[in-house]
Amino acid sequence: CDTLSSDLEERFGGSHMTTIDTGTEDLLATVDEGVAVLTLNRPEALNAMSGEMNAALQKCLSDFELDAAVKCIVLTGAGKGFCAGGDVKGMAIAGDGTIGNNTIDGAIHLQRVHQRATSGKLFKMPKPTIAALPGAAAGGGLSYALACDLRIMASTAIMTTAFAKVGFSGDYGGSYFMTQLVGTAKARELYYLSDRITADEALRIGLTNYVCEPEELMNKTMEIANRLAKGPSVAYRYMKENLNRALVGELDDCMDLEATHHVHCGQTQDHRDAVQAFVDKKEPVFTGK
């Protein structure tokens, strides 16, 4: 445990970092100066999903959403991958990748619950979320990455929908997120053909925000995460809701929501302090109030 804490501290934070007990080695969690880092930790399987991983991820995301001390969430993977999606080898052994001993209706409901509590939570929670990709993001793992507000890729990382190659249609919201990011024609191409998308191509078509050398991935990620953690958390909450509503909302509804949120932010201490800092030509210090 001490070795694990030391490794996490070296990779993600400083001496004030807190290591969270997730209940499983399949998911590691730390919090440091407002930034929560969740590390998918099955490197021998390129961090393919497991039941323990998903359960722990759901609980951590739920807890972090309500924890006022957490201002930004980073999702990444241990070793050479981000997340390979579902454990295809495990499916082959079990003989059924979707149902197992459950009924089909029970399996569908369980899948819906898992999706809403993981990728759905990353997308909807009122805090910035970042996916840091050291390597491949495939299938449901790609959906996790696309659900986050920002994506940062190592130059050697790749993305692929992968579903068509194993006879699946896709899950964890990937078809929604992909369509919103690149448009319906490109999304169909990437889903149907399941080609590998390099980091440079992902940047070109808008699937990632930044590409950096592998050794700089976590430094770049934490630089951005720390900026967000020190930012105006109330304003971020409403920015994210505005932007999410804009995906499917009608113009007047979106503008009405913007007006409500904008005026509300104008009443916060963060706004008043930032205005004074601007006048004084100083950097604002945000407190989330």
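The values are calculated or read from the model by the stated rules, or taken from the named source; none is laboratory data. Everything quoted here is computed from the prediction, not taken from an experiment. Note: ideal-geometry Cβ built from the backbone for every residue, glycine included; neighbour counts use all protein chains shown. Side chains are part of the model used for accessible areas, which takes the heavy atoms of the whole protein and leaves out ligands, DNA and RNA. Shrake-Rupley method; radii C 1.70, N 1.55, O 1.52, S 1.80 Å.
Of note:
- Helix axis angle, 184-193 relative to the chain longest principal axis, alpha carbon, degrees: 30 degrees
- Accessible-area composition of the chain, carbon plus sulfur, in percent [1.4 Å probe]: 54 percent
- When you work out D = kT/(6 pi eta Rh) for the stretch 137-289 at 10 °C and 1.306 mPa s, using the Kirkwood radius from C-alpha pairs as Rh and the Stokes-Einstein form, the result is 89 µm²/s.
- Anisotropy class of the chain from Cα gyration tensor, a/c 1.5 cut: prolate
- Of the cross-linked pairs LYS80/LYS289; LYS186/LYS230; LYS220/LYS240; LYS59/LYS186; LYS124/LYS289, those separated by over 29 Å at the C-alpha level are LYS80/LYS289; LYS186/LYS230; LYS59/LYS186.
- The stretch 88-219, relative contact order [Cα under 8 Å, separation at least 6], %: 24 percent
- The residues of the chain have, on average, 53 Å² of accessible surface per residue, using a 1.4 Å probe with all protein chains present.
- Shape of the stretch 209-266 from the C-alpha gyration tensor: oblate (a/c of 1.5 or more and a/b not above b/c, with a ≥ b ≥ c the square roots of its eigenvalues).
- Protection-proxy order for peptides 132-143, 255-266, each taking the mean of Cβ atoms within 10 Å per residue, highest first: 132-143, 255-266
- Using a cutoff of 8 angstrom between alpha carbon atoms and counting only pairs six or more residues apart, the relative contact order for the chain works out to 15 percent.
- Gyration tensor (alpha-carbon) shape descriptor, the stretch 45-176, a/c threshold 1.5: oblate
- Between the amide H of VAL74 and those of ALA36, VAL37, LEU38, ILE130, distances stay under 5 Å, these residues lying 5 or more places away or on another chain, with hydrogens modeled in the peptide plane.
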